[in-house]
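Okay, so here's the structure we're looking at.
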Amino acid sequence: MTIEPAALEGAFEGAFEGLITPTALADRLADADWAIVDCRFSLADPSLGEQQYAAGHIPGAVYAHLDRDLSSPAQELGGRHPLPPLDRLAATLGHWGIGPQTWVAIYDNSRFGFAARLWWLLRYLGHDRAVLLDGGWSAWVAAGLPTTTEIPQPAPQVFEPQVRSQLFVTIEQVQRLQGSGQGTLIDSREPARYRGEEEPIDPVAGRIPGAVNYPWQAVCDDAGQARSPEALRDHFQAIDPDHPPVVYCGSGVTACVNLWALARAGRADGRLYGGSWSDWCARPELPVVTQSSLESMAATANPAS
């Protein structure tokens with residue numbers, strides 16, 4: 001199911017920008033055509049987000065756990081957060097009350113770092129009626145809007161996935177992209193991790209050769225407020241306009257923030273390398289680049305006279 005823009009005209013003011021404000025969402029709390037999903041999570045403490053949800057959440061919101069709901073268990077290869085089985089994910093979405101006409105508002109408290117994963121999964125399954133809450137949970141609370149500890153019981157829906165396989169790329173496709181010289185490979189991690197100066201999570205530091213750095217945090221301000229579509233178009237202006245960009249991060253989660261931002265900027269053709277760096281660096285036969293290795297090679301090639 002691909003929802004054409006004409007079908008959405010007038011349905012929701014923020015539809016084409018992938019964003020909803022706290023006050024606009026508050027106006028829709030009683031709307032049966034809307035579902036709300038809380039994606040708060042911490043990589044350092046996987047139980048924290050669920051504890052925060054239990055302590056208070058937006059009325060009607062269900063909780064999505066990154067490891068349990070939005071990923072499969074990690075294997076030796078494939079990255080730290082492989083995609084969940086799609087039939088299981090579709091059943092979960094239906095259990096959350098998400099059907100073909102449902103609008104889904106998604107939030108976290110990490111500058112879209114986890115909420116965007118669900119946004120991308122919905123889009124991958126053909127569901128375009130999904131928006132992120134601008135500013136996340138903090139903005140909702142700061143606006144003085146209602147919270148609750150009540151666990152909702154949504155009316156179940158039937159979610160029928162229509163997979164857009166072109167939005168996901170394998171490690172083999174990334175290698176072909178490198179060989180073709182066409183398209184842009186985007187590393188979404190922090191600059192120090194991109195340069196290979198530090199690696200707090202994965203066993204190997206560095207980046208995939210040829211990747212350029214667009215840190216995922218740069219698409220919003222320190223408060224988690226999204227940059228405008230115009231600002232994001234400027235931000236991504238150097239990306240090859242003729243070929244779909246491929247985006248990765250550490251494990252395929254925060255890369256989805258850049259994919260959301262690209263779509264907000266008018267580049268809905270972005271693709272996710274799901275295994276990301278955690279998959280690439282688990283394969284010792286594949287090349288790894290660091291800033292220091294590039295500088296050493298440059299010094300060797302151009303010795304001081």
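The values are calculated or read from the model by the stated rules, or taken from the named source; none is laboratory data. All values reported here derive from a predicted model rather than from experimental measurement. In this analysis, Cβ positions are derived from the backbone assuming ideal geometry, glycine residues included, and neighbour counts consider all displayed protein chains.
Structure notes:
- Where a residue in region 76-88 is basic (Lys, Arg) and its partner, wherever it lies, is surrounded by 13 or more Cβ atoms within 10 Å (Cβ to Cβ) and not in a loop (DSSP other than H, G, I, E, B), with Cβ under 6 Å and at least six apart: ARG80/SER278
- Just one of the listed residues (THR184, THR170, THR149) is of a type in the set (Ser, Thr, Tyr), under 23 Å from the mean Cα position of the chain (by Cα) and surrounded by fewer than 18 Cβ atoms within 10 Å (Cβ to Cβ), namely THR170.
Per-residue answers, yes or no, for (1) of a type outside the set (Asp, Glu); (2) within 12 Å of LEU185 (Cβ to Cβ); (3) not assigned by TED's automatic domain parsing to the domain that holds ASP134:
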{"site": "PRO200", "(1), (2), (3)": "yes, no, yes"}
{"site": "ALA205", "(1), (2), (3)": "yes, no, yes"}
{"site": "ASP221", "(1), (2), (3)": "no, no, yes"}
{"site": "PHE236", "(1), (2), (3)": "yes, no, yes"}
{"site": "VAL247", "(1), (2), (3)": "yes, yes, yes"}
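- Among (1) modelled with pLDDT of 95 or more; (2) under 25 Å from VAL169 (Cα atoms) - the single one MET1 does not satisfy: (1)
- Residues that are part of a loop (DSSP other than H, G, I, E, B), in the same structural domain as LEU86 (by TED's automatic domain parsing) and of a type in the set (Ser, Thr, Tyr) within region 138-173 comprise THR147, THR149, listed in sequence order.
- Looking at GLU17, GLU50, just one residue is at pLDDT 95 or above and in the same structural domain as GLN101 (by TED's automatic domain parsing), and that residue is GLU50.
- Condition met for ILE106 (crowded, with 24+ Cβ neighbours inside 10 Å, among the β-branched types (Val, Ile, Thr), touching a residue at least 40 places away in the same chain (Cβ under 8 Å) and closer than 13 Å to PHE159 by Cα): no
- Considering residues of region 245-284 that are hydrophobic (A, V, I, L, M, F, W, C), over 20 Å from ASP128 (Cβ atoms) and in contact with a Cys (Cβ under 9 Å, 6 or more places away or on another chain) only, the residue surrounded by the fewest Cβ atoms within 10 Å (Cβ to Cβ): CYS249
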